[in-house]
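**Q** What follows is a single structure, and I will ask about it in a moment.
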Amino acid sequence: MKRITFFLRQIAIFIDRWSWVLLIFAAPFLLFPSPSRSLALFVVPGLWIVAWLAGREPLPRTPLNTTLLLMFCMVLVSLWATFDIGNSLPKISGMVLGLGAFFAVRRAAEDTRGWTLSLLAFMGIGLGVAVLGVFGTDWASARFTKFPLLDPVISRLPTLIQGLPGAETGLNPNEVAGALIWVLPLMMVMSVALFILLRSPHRPAFGAGKNEEARAQRTDWQEKMHGWRLVGVIIFCLAATFFVAAVFLLSQSRGGYIALALTLPVLALVALPQRWRWYCLVALLILVIALGYLVSSRWETVRTWITGSNLTADPALSLNSIDLRLEVWSRALYGIQDFPITGMGMNAFRKVVPMLYPLHPISSVYDIGHAHNEFLQAALDLGIPGLVAFLALYIGAFWMLAEVWRATRRPTLSTGNWSLVTRSLALGLGGGLLAHLLYGLTDAVALGAKPGVLFWMLLGLIAGLYQETQENRAVVVSSDPTKRAENGSS
């Protein structure tokens, strides 16, 4: 009996070691689900059971676990509320895949190599979305042409990938922009950080104290080769960043443009030294007050200029889409009032609107897809408790990033390039999260949507970076009694 138990345990340990491979094999069945493939939903909880049998924690501990428990309880509730489980199945399976990806990334982040590979996988998937966006977006559709300057490029782009479930005629460029904006700030920040590291006398390392020892053992030839490898990484990172930025630009998502334009100055302000940050904030406040005064004092002139000129006829500046979104938002609020606790079920809003809340300026045969606001959509899918959980995910993620940023400013942890690399990663990950939050105010990549796996991987990377920082802090503080006393007094 003991031999059988030992044999089964060894099998569980082997499967647990390669659980991420099984998750990758299950991903296509979860991204493109059907009733006949619904057994794939049990792969993710099955891997957690295997981890428990292998003697590990089924779920790595993170500050987001309680929030995730509430959210996925509401996913189960939404199964009871939905009018058609088959209609909700794609979003439910997307949520299961997202949860599996979050904990897989978090578990891989238990060591530096695993976290780095997860980061590369995250950026690689973002790059893959950009490639898919080039060949799978319905560029020929005239309703996507908002900036005539881009017409010569867009008119030459073919739509080679069609017939995907949920995007039979091609990908929606706004959703492509919403996915890319998760990864684009990180790519931008890392490109700048790599340039700084190239000029640094110390080579980059993610672990404090390991860098100097490794460099001391290198020969001059090995040091030069290491430098050339860094140059190659920089060139590749720049090329990937420019490509993703180009596809993001071609998407013509005005919400994405505005979100990125608001996020980049915020990242610059955070990265500045504290004294310069306050100077910039004061200057920005004065500018906002001056602009507000000018607009309010000449409001009639501004209103006449907007409504009486040809700006409304320009697709790039037209406010017609805002009017349509206001209509959709009002119907979303009606739906939340009618289904406040359970929500109406995942992916149900697009079907329920024509029946219960008809949109007067929009034909009933037009598929609106979602509420064009991620927070309203979360409440429609999972009820107000689900919305609370969704907001708590953002709050918890930003809190972890703030803790990471504060840790890099402590003398006990600010060692060489470790501080620069960690700050850059925190800025990039936080920039992607903030930019998509702003994008989600006027558009949506709904919970459970196929590109949403990037959101869950982003949260997993943030949780892993937070855990790595806490462990480094504990090691540094425990190794030095004076620092332990300083840390305790602070």
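**Q** Kirkwood Rh, the stretch 1-58, all Cα pairs: how many Å?
**A** 12.2
**Q** While we're here: If R0 is 22 Å, what FRET efficiency do you get for Arg56 and Trp399 from their C-beta distance, rounded to 0.05?
**A** 0.25
**Q** I want to check the label-to-label distance for Leu294 and Ser34. Put each point 7 Å from Cα in the C-beta direction and report it in nm to one decimal.
**A** Taking the two extended label points, one gets 6.0 nm.
**Q** Hey, another quick one. Taking 0.36 nm per residue of sequence separation and subtracting the Cα-Cα distance, how much length would be gained by fully extending the chain between Leu441 and Tyr279, in nm to one decimal? Walk me through the numbers on the way to the answer.
**A** Details: separation 162, 0.36 × 162 = 58.32 nm, distance 2.93 nm.
Computed gain between Leu441 and Tyr279 is 55.4 nm.
**Q** Highest mean first, what order results for 287-296, 31-40 on Cβ atoms within 10 Å? Walk me through the numbers on the way to the answer.
**A** Values: 287-296: 10.2, 31-40: 14.4.
Going by the mean number of other Cβ atoms within 10 Å, highest first, we get 31-40, 287-296.
**Q** A follow-up question, please. For a protection proxy built on the mean count of beta-carbon atoms within 10 angstrom, sort 273-280, 253-260 highest first, please.
**A** 253-260, 273-280
**Q** Listed highest first by mean packing, meaning other Cβ atoms within 10 Å per residue, what order do 61-69, 264-272 come in?
**A** Those peptides, ordered most packed to least, come out 61-69, 264-272.
**Q** Among Met74, Met346, Met355, rank each residue by its count of other Cβ atoms within 10 Å, from fewest to most, as a rough exposure measure.
**A** The order, fewest Cβ neighbours first, is Met355, Met74, Met346.
Values in this text are rule-based calculations from the coordinates and carry no lab data. What you see is a predicted model, and the numbers here were worked out from it, not measured in a lab. We place every Cβ from the backbone using ideal geometry, glycine too, and count neighbours over all the protein chains shown.
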